[in-house]
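Trainee: One structure coming up, written as structure tokens, with questions to follow.
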2 protein chains.
Amino acid sequence: MLHEEVVGRVRAMLLDGEIPPGARIPERDLCEKLQISRTPLREALKVLAAEGLVQLLPNRGSRAARLTDKDMRDLFEVCQGLEALAGELACERITDAEIADVAAAHAAMVRHYGEHDLLQYYRCNRYIHEAIIAAAGNPVLSGLYELVTARIRRARYVTPMTPRRWALAVQEHEAILNALQRRDGVGLSHILRAHLRHKREEVLQAGFAETEPLEQARAS
Amino acid sequence: MLHEEVVGRVRAMLLDGEIPPGARIPERDLCEKLQISRTPLREALKVLAAEGLVQLLPNRGSRAARLTDKDMRDLFEVCQGLEALAGELACERITDAEIADVAAAHAAMVRHYGEHDLLQYYRCNRYIHEAIIAAAGNPVLSGLYELVTARIRRARYVTPMTPRRWALAVQEHEAILNALQRRDGVGLSHILRAHLRHKREEVLQAGFAETEPLEQARAS
DNA sequence: AAAATCCAATTTGAATGCAAAACTGGCTAT
DNA sequence: ATAGCCAGTTTTGCATTCAAATTGGATTTT
């Protein structure tokens, strides 16, 4: 197994909640599960710690990072900035084919909204946001976006919405697609920021932060 | 030596150019120099690779990353976005004392400009930009900023300027301080973007990218 | 009985050792 | 003379090993 693969596997376990936030990560157990020795696993853990997904406690091992309310606020704030930037750049650089692709995803999303299928709705939603990032044509931006969104992914794409909030989100997405089709960078940037600001409020109100001080179960 | 210290030491060697861009990094040599064994060094290299400062070639070791023109452009573009965001947030959150601190650094910078002391000028310049980031009060933002600026630091704070460019930069900094003092977030955001756009043009014109395909000398 | 202390057992952090892959230089064949 | 190839050496990647730190619990002390 390649280094990047190990990092990817452990990252997936963290993002999927297979290793819950705050859980200690006993190296030996994970090694056994991944069928590798401690050396490459420890390399992966240090990388994930640099990404903010793992917290290293010197001489006391590592644990899955936990997000406070402040962390969540900060991450969303930066995410707003990154998406706003991406929106502006995307309007300058996106191709007609890519716009059509986003439009299709948008239509599918609206369909899922009509069917009250939250899971599929979120899948399309995420696809659209990521397509806008990709359309900015800036790998550095994409990389940072991935770093930031990884940490708030579960809060962002799992939190249930009130009918009122959901309707508003769909409306905002109409405006997003519209701005993109008109290649209105400034407009897209603004609507994306508002959209994410609303999402942040929603997530914070839902109390999604992972601040429980109690000891979590270890990874199964 | 602690893990973070190893990462820091190697990162410093990369940023200082002690290990020049493109140079191969023989693990044994670095181990000897740092007086550590290969295991912790390799952990540090993987972290630095995740940061984009080191390039890992599977089974063929690692080398100091080299920036192409495109990389430089992308990094500056993102840096613009981050500083613009920080500027807006800073105007909402900065204290009077912090503004006074920036004003003092600005005055010192102008003095160094008058003395044609580029090195000291750049030092104050960098201090100001970092103070604005810090004033945004968002550690996630600060972290990403550090990631991005580390990679363009040498291009940004070493490139010589024409008298004309230098005068313009000072003028822009007057506007930056002014917007900050008026707590004009939108204005600060705009002037910061323009300021960095100009810097980027300058750096790219100076041909600062590290694209030489020839084999570099190894770390001394 | 509660608190502090000490000791065994576990776990982490780092060095070493070993197998596999890549580079070097010299040789052969065309 | 040059291109291709092969053995020897070096370097990487990972498993193992060893020392140091931590944890939990039993024992002792107040």
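The values are calculated or read from the model by the stated rules, or taken from the named source; none is laboratory data. As the structure is a computational prediction, the values presented were derived from the model and not from experiment. Ideal geometry is used to build each Cβ from the backbone, glycine not excepted, and the neighbour counts take in all protein chains shown. All accessible areas refer to the heavy atoms of the entire protein, side chains included, with ligands and DNA or RNA removed. Shrake-Rupley method; radii C 1.70, N 1.55, O 1.52, S 1.80 Å.
Trainee: So what's the angle, to the nearest 10 degrees on a 0 to 90 scale, between helix A:96-114 and the longest Cα principal axis of chain A?
Mentor: 80 degrees
Trainee: Using only the Cα atoms of the range A:1-154, build the gyration tensor, take square roots of its eigenvalues as a ≥ b ≥ c, and label the shape rounded, prolate or oblate: rounded if a/c is under 1.5, else prolate if a/b is larger than b/c, else oblate.
Mentor: Numbers: a/c = 2.10, a/b = 1.92, b/c = 1.09.
The shape class here is prolate.
Trainee: Can you tell me which lysines have their Cα less than 16 Å from the Cα of A:K46? Leave out same-chain residues fewer than eight positions away.
Mentor: Result set, ordered by chain and number: B:K46.
Trainee: Once you keep just the Cα pairs under 8 angstrom separated by 6 or more residues, what percentage relative contact order results for chain B? Intermediate results must be reported in sequence, preceding the final value.
Mentor: Values: 257 pairs, mean separation 68.2, N = 220.
31 percent.
Trainee: Just grab the label-to-label distance for A:R60 and B:R126, each label 7 Å out from Cα along the Cβ direction, in nm (one decimal).
Mentor: 3.5 nm
Trainee: Interface size between chain A and chain B, please: total buried accessible area, 1.4 Å probe, rounded to the nearest 100 Å².
Mentor: Values: alone 11510 and 11500 Å², together 20650 Å².
Using a 1.4 Å probe on protein heavy atoms, the buried area is about 2400 Å².
Trainee: Let me ask something else about it. Solvent-accessible area per residue for chain B at a 1.4 Å probe radius, Å²?
Mentor: On the way: 10330 Å² over 220 residues.
Each residue of chain B exposes 47 Å² on average to a 1.4 Å probe.
Trainee: In addition: Using alpha carbons only, how many degrees (0 to 90, rounded to 10) separate the axis of helix A:38-51 from the longest principal axis of chain A?
Mentor: Helix A:38-51 and the main axis of chain A meet at about 40 degrees.
Trainee: Sticking with this one: Just reorder A:R197, B:R42 by solvent-accessible area, largest first, 1.4 Å probe, all chains present. Let's see the in-between values first.
Mentor: Working: A:R197 100, B:R42 75 Å².
The residues order as A:R197, B:R42, largest area first.
Trainee: Name the shape class, rounded, prolate or oblate, that the alpha-carbon gyration tensor gives for the protein assembly as shown, where a ≥ b ≥ c are the square roots of its eigenvalues, rounded holds for a/c under 1.5, and otherwise prolate holds if a/b is larger than b/c and oblate otherwise. Don't jump to the answer; show the numbers that get you there.
Mentor: Working: a/c = 1.61, a/b = 1.07, b/c = 1.51.
Verdict is oblate for the protein assembly as shown.
Trainee: Okay, moving on. As a test question: what accessible area, to the nearest 10 Å², does B:E77 have when a 1.4 Å probe is rolled over all protein chains in place?
Mentor: 10 Å²
Trainee: Moving on to the next point. Just grab the label-to-label distance for B:A167 and A:T95, each label 7 Å out from Cα along the Cβ direction, in nm (one decimal).
Mentor: 4.6 nm
Trainee: Can you pull out the trypsin sites (Lys or Arg not before Pro) in the range A:152-190 whose DSSP state is coil and whose Cβ has at most 12 other Cβ atoms within 10 Å? Kindly include the intermediate steps, with their values, before the conclusion.
Mentor: Numbers: sites: A:R153, A:R154, A:R156, A:R164, A:R165, A:R182, A:R183; in loops: A:R182, A:R183.
Sites meeting the loop and neighbour criteria: A:R182.
Trainee: Which semi-axis lengths, in whole Å and largest first, follow from the square roots of five times the eigenvalues of the Cα gyration tensor of the range A:69-205? Walk me through the numbers before you get to the answer.
Mentor: Working: eigenvalues 87, 71, 32 Å².
With the √(5λ) rule applied to the range A:69-205, the semi-axes are 21, 19, 13 Å.
Trainee: Something else: Relative to the longest principal axis of chain B, what angle (0 to 90°, nearest 10) does the C-alpha long axis of helix B:163-181 take?
Mentor: 70 degrees
Trainee: Placing a label point 7 Å from Cα toward Cβ, how far apart in nm is A:R93 from its equivalents in the other copies, listed shortest first to one decimal?
Mentor: Reported distances to equivalent positions: 2.8 nm.
Trainee: Tell me, what is the 1.4 Å probe accessible area of A:E201, in Å² to the nearest 10?
Mentor: 80 Å²
Trainee: If I ignore ligands, DNA and RNA and count only protein heavy atoms, how much of A:F208 is accessible to a 1.4 Å probe, in Å² to the nearest 10?
Mentor: 60 Å²
Trainee: What gaps in nm, shortest first, separate B:A107 from its twins in the other copies when you place the label 7 Å past Cα toward the beta carbon?
Mentor: Spelled out, the distances from B:A107's label point are 6.4 nm.
Trainee: Here's another thing I want to ask about it. Hey, got the dipole for the range B:69-205? About the Cα centre, +1 on K and R Cβ, -1 on D and E Cβ, debye to the nearest 20? Write out the running numbers ahead of the final one.
Mentor: Numbers: 18 positive and 19 negative charges, 76 e Å.
Using only the charged Cβ atoms, the result is roughly 360 debye.
Trainee: Right, here's the next one. Provide the packing ranking of B:68-74, A:135-141, B:123-129, i.e. peptides ordered by the mean count of other C-beta atoms within 10 Å per residue, highest first. Mind dumping the intermediate values first?
Mentor: Details: B:68-74: 17.3, A:135-141: 21.4, B:123-129: 19.9.
Averaged packing, sorted descending, gives the order A:135-141, B:123-129, B:68-74.
Trainee: Another one. How large, in percent, is the carbon and sulfur part of the accessible surface of the protein assembly as shown at a probe radius of 1.4 Å?
Mentor: Working: 10800 of 20650 Å².
Using a 1.4 Å probe with all protein chains present, the protein assembly as shown comes out at 52 percent carbon and sulfur.
Trainee: Continuing with the same structure: From other protein chains only, count the Cβ atoms within 10 Å of every residue's Cβ in B:53-60, then give the mean.
Mentor: Mean partner shielding for this stretch: 1.
Trainee: When the accessible area of each residue in the range A:81-130 is compared between its chain alone and the complete protein assembly (1.4 Å probe; ligands, DNA and RNA ignored), which residues differ by at least 10 Å², being lower in the assembly?
Mentor: At a threshold of 10 Å² (probe 1.4 Å), the residues of the range A:81-130 that become less exposed are A:G81, A:L82, A:L85, A:E88, A:L89, A:R93.
Trainee: Please report, for B:Q171, the nm distances (one decimal) from its label point, 7 Å out from Cα along the beta-carbon direction, to the equivalent points in the remaining copies, shortest first.
Mentor: 4.6
Trainee: How high is the relative contact order of the range B:1-114, in percent, with contacts defined as C-alpha pairs under 8 Å that are six or more residues apart? Let's see the in-between values first.
Mentor: Values: 71 pairs, mean separation 25.6, N = 114.
Once divided by the residue count of the range B:1-114, the mean separation gives 22 percent.
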